[in-house]
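First up is the structure itself, then whatever we jot down about it.
Nothing in this text is a laboratory measurement; each read-out follows from the coordinates by a stated rule. No experiment lies behind these values; they were computed from the predicted model shown. Every residue, glycine as well, gets a Cβ built from its backbone with ideal geometry; the counts of neighbours run over all protein chains shown.
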Amino acid sequence: MNLASFNPETDLMLERLVDVPRDRVWRAWTEPKHLMRWFCPRPWTTVACEIDLRPGGAFNTTMRSPDGQEFPNLGCYLAVIPGERLVWTDALTAGFRPSGRGYLTNDGGFYLTAVISLESVGTQTRYTALALHADRSGRDKHAEMGFAEGWGTALDQLVEHCRAELPYG
């Protein structure tokens, strides 16, 4: 099922083949105790996480900067295909309620819809992350904030966590 198409004018994408089985990557994305260990690039930390893994369910995280400032991110799952795909947005909160603010919108930011797709390739996982934006301006702001580096570093941390902390099976 194609839930989103990549548009290079408005979207950003990270795609990589990682040497971790898909079920472990899925657990790292869907269990708060695991997500909090890798979700934002160090030295930032994720200090809170709420996951209600269903369409309309909450996907909320709070990130803490190295100087102690906290950044709550409230979102809503739009689609959940177990083991294969997660889609969420910060334009809505739990129950599909309009959020009134997107990622840094109070600072001239943007709304974001994210699509994480996982595909087994032998014992590895093809990991694709799409960040969908309403327009080129939102895409450019996200790129300037360090999308490629930040999401890439977080993926490296996810792989590290999966190898060290998640049992096979």
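Observations on the model:
- Selection within the stretch 38-58 - surrounded by 16 or more Cβ atoms within 10 Å (Cβ to Cβ) and not β-branched (Val, Ile, Thr): TRP38, PHE39, CYS40, PRO41, TRP44, CYS49, GLY57, ALA58
- Scope the stretch 1-32; condition of a type in the set (D, E, K, R) and within 20 Å of THR125 (Cβ to Cβ); matching residues: GLU15, ARG16, ASP19, ARG22, ASP23, ARG24, ARG27, GLU31
- Options LEU92, LEU112, LEU130: the member that is under 11 Å from the mean Cα position of the chain (by Cα), farther than 25 Å from ARG24 by Cα and of a type outside the set (Val, Ile, Thr): LEU112
- Tally of residues being within 22 Å of GLY152 (Cβ to Cβ) and assigned to a loop (DSSP other than H, G, I, E, B) across the stretch 32-64: 6
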